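Asker: First, the structure itself, so that you have it in front of you.
The values are calculated or read from the model by the stated rules, or taken from the named source; none is laboratory data. It should be emphasised that the depicted structure is a prediction, and the values quoted were computed from it without experimental measurement. With ideal geometry, Cβ positions are generated from the backbone for all residues, glycine too; neighbour counts draw on all protein chains shown. Heavy atoms of the whole protein, side chains included, go into the accessibility calculation; ligands, DNA and RNA do not. Shrake-Rupley method; radii C 1.70, N 1.55, O 1.52, S 1.80 Å.
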Amino acid sequence: MTAEPDIFDIFIIGGGINGVGIARDAAGRGLCVGLAEMGDLASATSSASTKLFHGGLRYLDYFEFRLVREALHEREVLLRAMPHIAWPMRFVLPLSPEMRFDTETPASRLLARVMPWMRGRRPGWMIRLGLFLYDSMGGRHILPATRSLDLATDPAGRPLQARYRKAFEYSDVWVQDSRLVVLNARDAQLRGAQIVTRTRVVSARREGGIWVIRMTGHGGDRVVHARSLVNAAGPWGAQLIHDALGQNSRVRLRLVRGSHIVTRALFDHGKPYFLQGPDGRIIFAIPYEGDFTLIGTTDQDHSGDPSSATCTPEEQDYLCAFASRYFARPVTRDDIVWTYSGVRALYDDGAGSATAATRDYVLSLDDAGAPVLHVFGGKITTYRKLAQAALGRLAPFLPSMRGDWTAGVPLPGGDFPVDGVQVLRDDLLRAYPFVGVDWATRLIRSYGTEAAEMLNGADSMAVLGHDFGATLTEREVRWLLDHEFAQTAEDIVWRRSRLGLHMLPQQIAALQSWIEEQR
């Protein structure tokens with residue numbers, strides 16, 4: 001580890017996507033950067049998303065045009081920087097006369113005034129208009145435009161009930177959310193940032209014009225100093241302000257729980273569905289990890305400890321019933337193989353429901369002494385722009401800071417063309433034919449150009465060491481322990497990958513035992 005500096009230029013509390021995004025950007029600007037995360041990287045909200053880089057089609061109903069435009073532009077910027085962990089998908093939006101607006105949206109209220117006879121129905125022409133805006137607002141260059149589908153003849157219609165005859169198909173981008181976090185942290189570290197996990201900040205106080213930060217973790221207690229502080233603690237942000245900083249927050253937060261279910265595969269093609277309900281809400285049904293379908297999300301106000309968030313039986317029933325309105329075979333709780341839930345800390349704009357609360361980010365600067373920047377809200381799609389904006393707010397206090405640089409700069413393993421995954425996979429198979437197509441694809445989709453570095457010198461499966469199951473070998477585990485901040489089996493099978501869906505509990509336990517033996 002790099003020797004600890006006398007003073008950090010910027011110290012970040014929180015190892016979710018906002019925190020590591022700021023750390024990477026700041027390190028690349030020549031700043032001395034530190035970051036502390038109380039758990040594992042992406043151990044909370046940032047690994048519990050719907051895993052999309054998207055503009056947010058439904059946000060058009062709320063007239064959040066700036067947010068949508070910024071997010072749409074970012075889709076392709078991010079896609080170019082990480083084509084191993086993000087890739088385009090074509091979403092199928094079936095049309096139904098039952099589709100309704102959420103009555104709280106500005107679009108619904110406008111339509112009620114000018115076309116009262118619609119009685120809240122969402123007409124097909126308005127959906128097409130929204131998709132036209134979606135295609136046009138973000139400077140689309142890579143992703144194909146919207147088109148119409150005849151569900152009677154298109155394979156996407158086969159899993160659906162026969163009453164769905166037409167659909168629109170549009171583009172968005174899938175991303176492996178927890179790997180996005182880890183690769184940002186790794187790149188920040190490669191650029192000089194100091195990243196510590198499983199380390200809790202217990203206090204941060206201004207003393208003599210700088211921040212004195214006290215932390216505790218597995219390595220014991222530590223004290224560091226910083227010229228500026230960033231609170232990127234997500235749903236723990238308000239608690240951090242009160243407990244660690246000893247201040248009263250002036251910003252109101254709204255904690256919103258989003259829950260997902262993972263079922264056995266509901267369809268055998270690669271296109272996800274965008275489904276609209278009679279209550280005005282939407283969910284996605286997305287092909288997931290080869291053998292499964294990911295369905296979500298809910299939006300529920302959350303109280304209590306964010307780490308206690310779970311997908312409740314009521315949320316499971318809601319998602320099953322919602323999906324069953326569309327699929328020919330009803331979805332039941334017996335189909336569920338896994339659930340997950342995360343809590344987002346959204347800026348409380350006074351919206352009447354969790355669904356209506358803004359997803360835009362808010363940066364609150366307190367410069368009554370050494371500066372502290374509080375980060376609230378935001379979408380995974382706009383994390384890079386949020387980081388730029390955050391550093392722009394801190395720039396007056398850090399005169400040595402260099403300018404913006406992250407647009408188009410690849411994350412580790414992402415230095416290849418957007419359409420280059422198959423070429424990389426085929427190259428890997430020629431060099432390591434014992435791996436097989438599915439395994440090689442997984443490695444490229446996780447590590448990109450670094451997959452070959454990980455396998456370097458191996459001429460057989462045996463050389464890769466212990467086989468933990470589901471193609472996870474000792475060689476890969478050592479890479480994750482050495483390069484990606486992993487410390488436990490849970491880190492590896494549920495955040496550095498999703499191999500936990502394919503492994504038996506006793507295999508995961510054996511992996512944990514092996515890790516403990518290496519210490």
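Asker: Between a residue in the range 425-440 that is farther than 19 Å from residue 413 by Cα and any residue that is hydroxyl-bearing (Ser, Thr, Tyr) and surrounded by fewer than 19 Cβ atoms within 10 Å (Cβ to Cβ), which pairs come within a Cβ distance under 9 Å, given they are 6 or more apart or on different chains?
Answerer: 434/460
Asker: Then there's this: Could we say that residue 469 is at positive phi, of a type outside the set (Ser, Thr, Tyr) and buried (at least 20 other Cβ atoms within 10 Å of the Cβ) here? Reasoning before the result, please.
Answerer: Working: at positive phi: yes; of a type outside the set (Ser, Thr, Tyr): yes; buried (at least 20 other Cβ atoms within 10 Å of the Cβ): no.
Against the criterion (at positive phi, of a type outside the set (Ser, Thr, Tyr) and buried (at least 20 other Cβ atoms within 10 Å of the Cβ)), residue 469 does not qualify.
Asker: Name the residues in the range 106-123 that are at pLDDT 70 or above and open to solvent by less than 30 Å² (accessible area, probe 1.4 Å), would you?
Answerer: The one that is at pLDDT 70 or above and open to solvent by less than 30 Å² (accessible area, probe 1.4 Å): 123.
Asker: Right, another one. Assuming residue 503 fulfils every condition listed in (1) in contact with a helix residue (DSSP H, G or I) (Cβ under 8 Å, 6 or more places away or on another chain); (2) open to solvent by 10 Å² or more (accessible area, probe 1.4 Å); (3) under 24 Å from residue 185 (Cα atoms) apart from one, which condition is it?
Answerer: The single condition residue 503 does not satisfy is (3).
Asker: Restricting to helices (runs of 4 or more DSSP H) lying wholly in the range 406-491: which have 1 or more residues that are among the charged types (D, E, K, R), over 23 Å from the mean Cα position of the chain (by Cα) and under 29 Å from residue 44 (Cβ atoms)? Show your work before the answer.
Answerer: Working: elements: 421-431, 437-447, 450-455, 474-483.
The helices (runs of 4 or more DSSP H) meeting that bar are 474-483.
Asker: If you don't mind, there's one more thing I want to ask. Looking at the range 78-95, which of the residues that are open to solvent by 10 Å² or more (accessible area, probe 1.4 Å) and outside any strand (DSSP E or B) is modelled with the highest pLDDT? So that I can check it myself, show each step before the final result.
Answerer: Step one: list which residues in the range 78-95 are open to solvent by 10 Å² or more (accessible area, probe 1.4 Å), which gives 80, 87-90, 95.
Still in the running and outside any strand (DSSP E or B): 80, 95.
Working: 80: 97, 95: 92.
Residue satisfying both the conditions and the ranking: 80.
Asker: It is to be established whether one or more residues within the range 173-189 are more than 30 Å from residue 498 (Cβ to Cβ) and out of contact with any helix residue (DSSP H, G or I) (no Cβ under 7 Å at 6 or more places or on another chain). Spell out the reasoning first.
Answerer: We begin by selecting, within the range 173-189, every residue more than 30 Å from residue 498 (Cβ to Cβ); these are none.
No, the conditions are met nowhere in the range 173-189.
Asker: Residues to consider are 181, 230, 173; find the one that is outside any strand (DSSP E or B), open to solvent by less than 40 Å² (accessible area, probe 1.4 Å) and either under 30 Å from residue 340 (Cβ atoms) or in contact (Cβ under 8 Å) with a residue 40 or more places away in the chain (or both).
Answerer: Working: 230 fails: outside any strand (DSSP E or B); 173 fails: outside any strand (DSSP E or B).
Every option except 181 fails the conditions.
Asker: Something else now. Can you name every residue in the range 362-378 that is assigned to a strand (DSSP E or B), open to solvent by less than 20 Å² (accessible area, probe 1.4 Å) and not hydrophobic (A, V, I, L, M, F, W, C)?
Answerer: Step one: list which residues in the range 362-378 are assigned to a strand (DSSP E or B), which gives 362-366, 372-377.
Restricting the remaining residues to those that are open to solvent by less than 20 Å² (accessible area, probe 1.4 Å) gives 372-377.
Within the range 362-378, 374, 377 meet the criteria.
Asker: A further question follows. Go through the range 392-421 and report how many residues are within 27 Å of residue 342 (Cα to Cα) and surrounded by fewer than 23 Cβ atoms within 10 Å (Cβ to Cβ).
Answerer: Looking only at that region, the number is 1.
Asker: Checking the condition buried (at least 17 other Cβ atoms within 10 Å of the Cβ) and acidic (Asp, Glu), which residue from 438, 491 passes? Lay out the reasoning, then the answer.
Answerer: Details: 438 fails: buried (at least 17 other Cβ atoms within 10 Å of the Cβ).
Result of the check over 438, 491: 491.
Asker: From the list 48, 27, exactly one residue is touching a Gly at 6+ places or on another chain (Cβ under 6 Å), under 25 Å from residue 214 (Cβ atoms) and among the hydrophobic types (A, V, I, L, M, F, W, C). Which is it? Please lay out each step first, then the result.
Answerer: On the way: 48 fails: under 25 Å from residue 214 (Cβ atoms).
Exactly one of 48, 27 is touching a Gly at 6+ places or on another chain (Cβ under 6 Å), under 25 Å from residue 214 (Cβ atoms) and among the hydrophobic types (A, V, I, L, M, F, W, C), namely 27.
Asker: Among the residues that make up the range 206-225, is at least one of them part of a loop (DSSP other than H, G, I, E, B), in contact with a strand residue (DSSP E or B) (Cβ under 7 Å, 6 or more places away or on another chain), open to solvent by less than 20 Å² (accessible area, probe 1.4 Å) and more than 23 Å from residue 446 (Cβ to Cβ)? It would help to see each step written out before you state the result.
Answerer: Step one: of the range 206-225, the residues part of a loop (DSSP other than H, G, I, E, B) are 208-209, 218-219.
Add one more test, that the residue is in contact with a strand residue (DSSP E or B) (Cβ under 7 Å, 6 or more places away or on another chain), and what stays is none.
There is no residue in the range 206-225 that is part of a loop (DSSP other than H, G, I, E, B), in contact with a strand residue (DSSP E or B) (Cβ under 7 Å, 6 or more places away or on another chain), open to solvent by less than 20 Å² (accessible area, probe 1.4 Å) and more than 23 Å from residue 446 (Cβ to Cβ).
Asker: Out of curiosity, is residue 156 crowded, with 19+ Cβ neighbours inside 10 Å, part of a helix (DSSP H, G or I), at pLDDT 95 or above and not basic (Lys, Arg)?
Answerer: Yes, satisfied.
Asker: Could you look through the range 247-281, keep only residues that are assigned to a strand (DSSP E or B) and charged (D, E, K, R), and pick out the one that is surrounded by the most Cβ atoms within 10 Å (Cβ to Cβ)? Spell out the reasoning first.
Answerer: From the range 247-281, those assigned to a strand (DSSP E or B) are 253-264, 273-276; that's our starting set.
Still in the running and charged (D, E, K, R): 254, 257, 264.
On the way: 254: 19, 257: 26, 264: 12.
This residue is 257.
Asker: Follow-up question, since we're still on this one. State yes or no: is residue 238 under 18 Å from residue 302 (Cβ atoms) and not polar (S, T, N, Q)? Before you say what the answer is, go through the steps one by one.
Answerer: On the way: under 18 Å from residue 302 (Cβ atoms): yes; not polar (S, T, N, Q): yes.
Judged against the criteria, residue 238 is a match.
Asker: Sticking with this structure for a sec: So which residues in the range 139-153 are touching a residue at least 12 places away in the same chain (Cβ under 8 Å) and assigned to a loop (DSSP other than H, G, I, E, B)? First the steps, then the outcome.
Answerer: At the first step, the residues of the range 139-153 found to be touching a residue at least 12 places away in the same chain (Cβ under 8 Å) are 139-152.
Hits for the range 139-153 are 139, 140, 141, 142, 143, 144, 145, 146, 151, 152.
Asker: Looking at the range 233-246, which of its residues are on the phi > 0 side of the Ramachandran plot and open to solvent by 30 Å² or more (accessible area, probe 1.4 Å)?
Answerer: To start, the set of residues in the range 233-246 that are on the phi > 0 side of the Ramachandran plot comprises 234, 246.
Passing the criteria: only 246.
Asker: Still on this structure, please answer the following. Please specify each residue of the range 132-153 satisfying the condition of being over 21 Å from residue 78 (Cα atoms) and at pLDDT below 95.
Answerer: Filtering the range 132-153 for residues over 21 Å from residue 78 (Cα atoms) gives 132, 147-153.
132, the sole residue that qualifies.
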